[in-house]
Amino acid sequence: MAFNFELVHNYYERLVFEEVVRRAAEFPAFNNDMLGDVACVALNRLPARYVRHDVDLMFYLTEQERQAIDLSLEEALLFAFRFVGERSAKAGD
C-alpha cells in the first residue's frame, strides 16, 4: 500500500511565510536571504504542528487556543525580525 504524504505540513509554515511577506515592506533593508532567515528563525521558535489540512486543526481548537497561536506567532516574528536585523548590522560593522 502506497501512502501519499504530500499534504502533510507544519501548520505554522504558511502563516509565517505569509506574515514575513506581508511585513517585508516594513524592513526595506532586508533582502530575500534575510527574509528567508527571518522565516527560519520564527519557525524554529514555534512548536511543530503537523496537519494534513489546516481546516482540521482550526476546527478542533478553542478560541483560547487560537489566541495562543496568534500570540506565539506574533512573538516569534517580532523576535525573528529583530534577531536577523541585529545579526546583519553586526556583520556589516
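All other residues with a Cβ under 12 Å from the Cβ of Val51 taken together, and with Lys, Arg as +1 and Asp, Glu as -1, what is their net charge? Please list the in-between numbers first.
Values: positive: Arg14, Arg49, Arg52; negative: Glu13, Asp54, Asp56.
Around Val51, the surrounding residues sum to 0.
Report the relative contact order of the chain, percent, no decimals, based on alpha-carbon pairs under 8 angstrom and at least 6 residues apart. Don't skip to the answer; put the middle values down first.
Numbers: 59 pairs, mean separation 35.8, N = 93.
Computed value for the chain: 38 percent relative contact order.
Working from Cα positions, state the angle (0 to 90°, nearest 10) between the long axis of helix 32-45 and the longest principal axis of the chain.
With rounding to tens, the tilt is 50 degrees.
Nearest 10 degrees is fine. How inclined is helix 63-92 to the longest principal axis of the chain, computing both from alpha carbons?
Its long axis makes an angle of about 30 degrees.
Peptides 39-49, 1-11: what's the order by average Cβ count within 10 Å, highest mean first?
Highest to lowest by the protection proxy: 39-49, 1-11.
No value in this document is a laboratory result; all are computed from the given coordinates. Just so we're clear, the structure is a prediction, and the values are computed from it rather than from any experiment. Cβ sites come from the backbone with ideal geometry, for glycine too, and all protein chains shown count toward neighbours.
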